[in-house]
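Here's the structure we're looking at; comments come further down.
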Amino acid sequence: MPGLDPSKPFVPLAIAVLTVSDTRALADDKSGATLKERIEAAGHRLAARTIVKDDVKAIRAKVKAWIKDKKIDVVITTGGTGFTGRDVTPEAVEPLFEKRMDGFSVAFHQISFGKIGSSTIQSRATAGVANATYIFCLPGSPGACRDAWDEILVHQLDLRHRPCNFVEIMPRLSEHLKRAKAKGAAR
């Protein structure tokens, strides 16, 4: 049965939020504000928050910088996941993934379908792992950000969540990046 294991400690994570928009500024970025509020209310730390234009190079550069930063555990983007010509977040971010997280998109759409019906198919929400950092690309509406955080991320980003969660496997995310020991090296 899912739930919290009170015998485990809460482990705060450093989470960066990137809003992708040609029209928003921090003052009127409701989706970014929604995520910031929920991240901090859950006990995590907002490591960074910024806005970039709907531009593949700008989005990719910011996400790439954050996944290189060893002090950032999770990157959440909001915006640019639709089908219009300016919606390019998946194109910018997915090439960075070392592993895709297809289950996130499935779970997000299942939750979204219950709230907005078939309109959920207009989202290309996606997620993956790169450089031992979790990356989640959410739609640009505050409602979608609330749904993703409240129904999925708040649980999976909590070590106490049972039966399993993303935090407990974080130390093993970079196993494939480690080099084999030189022949004859101590084991």
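The values are calculated or read from the model by the stated rules, or taken from the named source; none is laboratory data. It should be emphasised that the depicted structure is a prediction, and the values quoted were computed from it without experimental measurement. Here the Cβ positions follow ideal geometry from the backbone for every residue, glycine too, while neighbour counts run over all protein chains shown.
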(request) Would you mind telling me which numbered condition in (1) assigned to a strand (DSSP E or B); (2) within 27 Å of THR23 (Cβ to Cβ) VAL129 fails? (result) (2)
(message) Go through the stretch 32-58 and report how many residues are aliphatic (A, V, I, L, M), within 16 Å of the chain's Cα centre (by Cα) and closer than 22 Å to ASP147 by Cβ.
(response) 6
(message) Show me the helices (runs of 4 or more DSSP H) entirely contained within the stretch 17-126 in which 3 or more residues are surrounded by fewer than 16 Cβ atoms within 10 Å (Cβ to Cβ).
(response) 30-41, 56-68, 102-116
(message) Restricting to the stretch 143-178, name every residue that is among the acidic types (Asp, Glu) and either farther than 25 Å from SER31 by Cα or in a loop (DSSP other than H, G, I, E, B) (or both).
(response) ASP158, GLU168, GLU175
(request) Would you mention how many residues in the stretch 36-69 are touching a helix residue (DSSP H, G or I) at 6+ places or on another chain (Cβ under 6 Å) and within 21 Å of PRO9 (Cα to Cα)? (result) 3
(message) If GLY140 satisfies all but one of (1) among the small types (Gly, Ala, Ser); (2) assigned to a helix (DSSP H, G or I); (3) farther than 27 Å from MET1 by Cβ; (4) within 15 Å of the chain's Cα centre (by Cα), what's the number of the condition it fails?
(response) (2)
(message) I'd like the residue in the stretch 1-16 that is in a loop (DSSP other than H, G, I, E, B) and under 16 Å from the mean Cα position of the chain (by Cα) and, out of all such residues, is surrounded by the fewest Cβ atoms within 10 Å (Cβ to Cβ).
(response) PRO12
(message) Among the residues that make up the stretch 16-24, is at least one of them touching a Pro at 6+ places or on another chain (Cβ under 7 Å), closer than 18 Å to VAL167 by Cα, at pLDDT 95 or above and not polar (S, T, N, Q)?
(response) no
(request) For the stretch 145-172, enumerate the residues that are touching an Asp or Glu at 6+ places or on another chain (Cβ under 9 Å), in contact (Cβ under 8 Å) with a residue 60 or more places away in the chain and surrounded by 17 or more Cβ atoms within 10 Å (Cβ to Cβ). (result) LEU157, LEU159, ARG160, HIS161, VAL167, MET170
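Of the residues ASP69, ASP29, only one is touching a Ser or Thr at 6+ places or on another chain (Cβ under 6 Å) and either modelled with pLDDT under 95 or farther than 14 Å from TRP149 by Cα (or both); which? Show your work before the answer.
Values: ASP69 fails: touching a Ser or Thr at 6+ places or on another chain (Cβ under 6 Å).
Step by step, each of ASP69, ASP29 is checked, and only ASP29 is touching a Ser or Thr at 6+ places or on another chain (Cβ under 6 Å) and either modelled with pLDDT under 95 or farther than 14 Å from TRP149 by Cα (or both).
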